[in-house]
Amino acid sequence: MRTLMEMHDVQASYGHAQALFGVSFDIRAGEVVTLLGRNGMGRSTTVKCLFGMLPLKSGAISFGGRPLAGLASHGIARLGLGLVPEGREIFTNLTVEENLVATARAPRHAQASLKPWDLARVYQFFPRLQERRANLGWQLSGGEQQMLAIGRALMTNPQLLVLDEATEGLAPIIRTEIWNALAALKAEGLAQIVIDKNVGALLKLADRHFVLEKGRVVWQGSSDALRAEPAIVQQYMGVS
């Protein structure tokens, strides 16, 4: 599989406080990878660097072989990266349908291998959104808002979907629905970077995992390798 995105030796800071210390990882076309670790260890900061929301002190990021340095966030998104941000960040004063079409765009030529997303397809994928299409964002449940955030990202027709805290704060039945949706997207060949605390679900979904501790990648490997080392999860995530 071709390398879709590569992050090499990235360092980044918030003012004088350094947050990333040489983070390197990659994702291949059609692959699902995770960023694991406790809160504050650099996972969301890594996503901010990927999307140009935080400048790099050093290092490099490329997508489809193109360097991302110096590009604005909207320019990076247009290259084929879709973000489902932590906290969802939907437009609460717009309807479901207005949220979905607000950032929609046609697929790029490079995405010809992926089935295109439009309003009808998102409604087919998440029928609850069609039922609620005239409701304002603030009128949705947390689970419906997360479906909307995913649907909005899909409407940009990404080659790479990035989900920061994919199921945080959701009821168990909704979490299951989200995991099933991500598995369906993987089956279609959509590459994904997933941040979440549900290691069991991530082991079933993802191909590879990168564990972050204090802004550094301290472990990486396949789902089988991580299953074989439960101490890694306990040490760096504090869960079993």
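Over all other residues within a Cβ to Cβ distance under 15 Å of LEU170, the charged ones net out to -3, with Lys and Arg as +1 and Asp and Glu as -1. With labels modelled as points extended 7 Å from the Cα through the Cβ direction, what inter-label distance (nm, one decimal) is found for SER222 paired with SER113? Those two pseudo-labels are separated by 2.0 nm. Using the Cα coordinates of the chain, the gyration tensor eigenvalues translate into equivalent-ellipsoid semi-axes of 27, 21, 18 Å, sorted from longest to shortest.
Put in line by how crowded their Cβ is, counting other Cβ atoms within 10 Å and starting with the fewest, MET147, MET237 read MET237, MET147. Across segment 3-237, the mean sequence separation of Cα contacts (distance under 8 Å, 6 or more residues apart), normalised by length, yields a relative contact order of 28 percent.
Think of each Lys and Arg Cβ as +1 and each Asp and Glu Cβ as -1; about the Cα centre, that makes the dipole of segment 3-237 roughly 220 debye.
Within 10 Å, count the other beta carbons around each residue, average over each peptide in 25-36, 150-161, and list them highest first.
Ranking the peptides 25-36, 150-161 by packing returns 150-161, 25-36.
Remark: spin-label model distance THR92-ASP9 equals 4.4 nm, labels positioned 7 Å along the Cα→Cβ axis.
Think of segment 3-237 as having a plus end and a minus end, set by charges on the Cβ of Lys, Arg, Asp and Glu; of CYS49, GLN145, LEU129, CYS49 sits farthest toward the positive end of this dipole. The stretch between GLN18 and ALA72, if pulled fully straight at 0.36 nm per residue, gains 17.3 nm over its current Cα-Cα span.
All other residues with a Cβ under 13 Å from the Cβ of VAL194 taken together, and with Lys, Arg as +1 and Asp, Glu as -1, what is their net charge? Around VAL194, the surrounding residues sum to -1.
When you restrict to C-alpha pairs under 8 Å that are six or more residues apart and normalise by the size of segment 102-240, the relative contact order lands at 20 percent.
On full extension, the segment bounded by ALA60 and LEU203 gains 48.6 nm, given 0.36 nm per residue less the C-alpha separation.
Taken together, the values in this text are just the output of simple stated rules run on the coordinates, not laboratory data. The shown structure was predicted, so the numbers you read here are calculated from the model rather than taken from an experiment. In this analysis, Cβ positions are derived from the backbone assuming ideal geometry, glycine residues included, and neighbour counts consider all displayed protein chains.
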